[in-house]
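Below: the structure, in structure tokens.
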Amino acid sequence: MAQTAPPPQDNTPPPGYQAPPPGYQAPPPGYQQAPPPGYQQQPPPGYQQPAPAGYPPPQAYAPAPGYAPQYAPPQHAHDGFYLRLHLGGGYAEMGNSNGYDTKFKGAGASFGLAVGGAIAPNLIIFGNLFAMGISDPTLSINGVDQGSASGTTTISGIGPGIAYYIDPYNMYISGTVAAMQFQASDSNGSNTYESDIGYGFQGMFGKEWWVSQDWGVGAAAEILAAGGMKDKNDPTTKWSGVTFSLVFSATYN
């Protein structure tokens with residue numbers, strides 16, 4: 001059978017076709033034409049337009065009912081009003097040396113009250129009232145014990161003081177310069193000896209532990225020394241004393 005020749009191809013360009021200029025090169029595969037000027041790409045699905053400048057921020061997140069917010073507890077600080085109480089016991093000697101050495105000595109009780117305020121962090125100034133008393137002390141004359149003397153001998157003082165606290169250990173050191181007085185009474189409460197005002201010093205070194213935001217309790221060593229206390233009946237006689245005590249303290253600050 002004779003083969004039929006294919007129809008001739010029509011290479012005539014379509015209407016409006018413009019031939020590429022001389023030197024034109026076809027773009028590589030995957031080439032994307034740049035968008036025309038002014039073209040704006042559409043945002044992807046779910047896109048939210050940002051709020052304009054000055055738009056109020058969204059409301060704060062509200063915690064679920066029953067949720068307890070977590071926060072750091074306030075730190076303890078020594079500032080503001082100051083109150084310190086102490087009570088304890090120790091050893092005391094009180095006497096004079098007018099021709100013959102008269103001395104009262106023995107175990108006794110110590111107490112004190114300091115009230116003031118902070119003038120800087122951990123630095124306190126206060127007014128201090130304190131005393132040390134011996135019940136039925138041992139009496140000695142010229143170094144010879146005469147046995148127990150019925151009654152009470154006390155040495156007390158009042159004056160301004162200062163304390164400094166060492167943090168974070170809550171340890172403190174304090175000192176008071178005071179006006180001091182000596183007194184001795186018999187078992188009936190009648191004064192046997194009494195002095196005028198003399199001078200003295202009370203010092204404490206202690207450590208406390210916080211039991212609340214403002215209260216601390218602890219213990220301290222106390223020393224008390226006094227002199228120059230003239231006897232009211234015999235001004236040539238001067239009384240003096242020294243005490244050492246261990247005390248419990250409670251401080252509000």
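The values are calculated or read from the model by the stated rules, or taken from the named source; none is laboratory data. Given the structure is predicted, the values throughout are model-derived calculations rather than measurements. Cβ: placed from backbone, ideal geometry, glycine included. Neighbour counts: every protein chain shown. Ligands, DNA and RNA are stripped out before the accessible areas are found, and what is left, the full protein with its side chains, is counted by its heavy atoms. Shrake-Rupley method; radii C 1.70, N 1.55, O 1.52, S 1.80 Å.
How far, in nm, would the chain grow between A19 and L87 when pulled straight, counting 0.36 nm per residue and subtracting the alpha carbon separation?
13.0 nm
Provide the FRET efficiency to the nearest 0.05 for the I197-D167 pair, computing r from the beta carbons and using R0 = 45 Å.
Numbers: r = 37 Å, r/R0 = 0.82.
It comes to 0.75.
Tally up the carbon and sulfur contribution to the accessible surface of the stretch 112-240 as a whole percent, 1.4 Å probe, everything protein left in place.
60 percent
List the lysines whose Cα sits under 22 Å from the Cα of K238, skipping any in the same chain fewer than 8 residues away.
Within the straight-line limit of under 22 Å, K238 reaches these lysines: K103, K105, K230.
In whole Å, what is the distance between the alpha-carbon centres of the stretch 126-166 and the stretch 234-248?
A separation of 5 Å, based on Cα centres.
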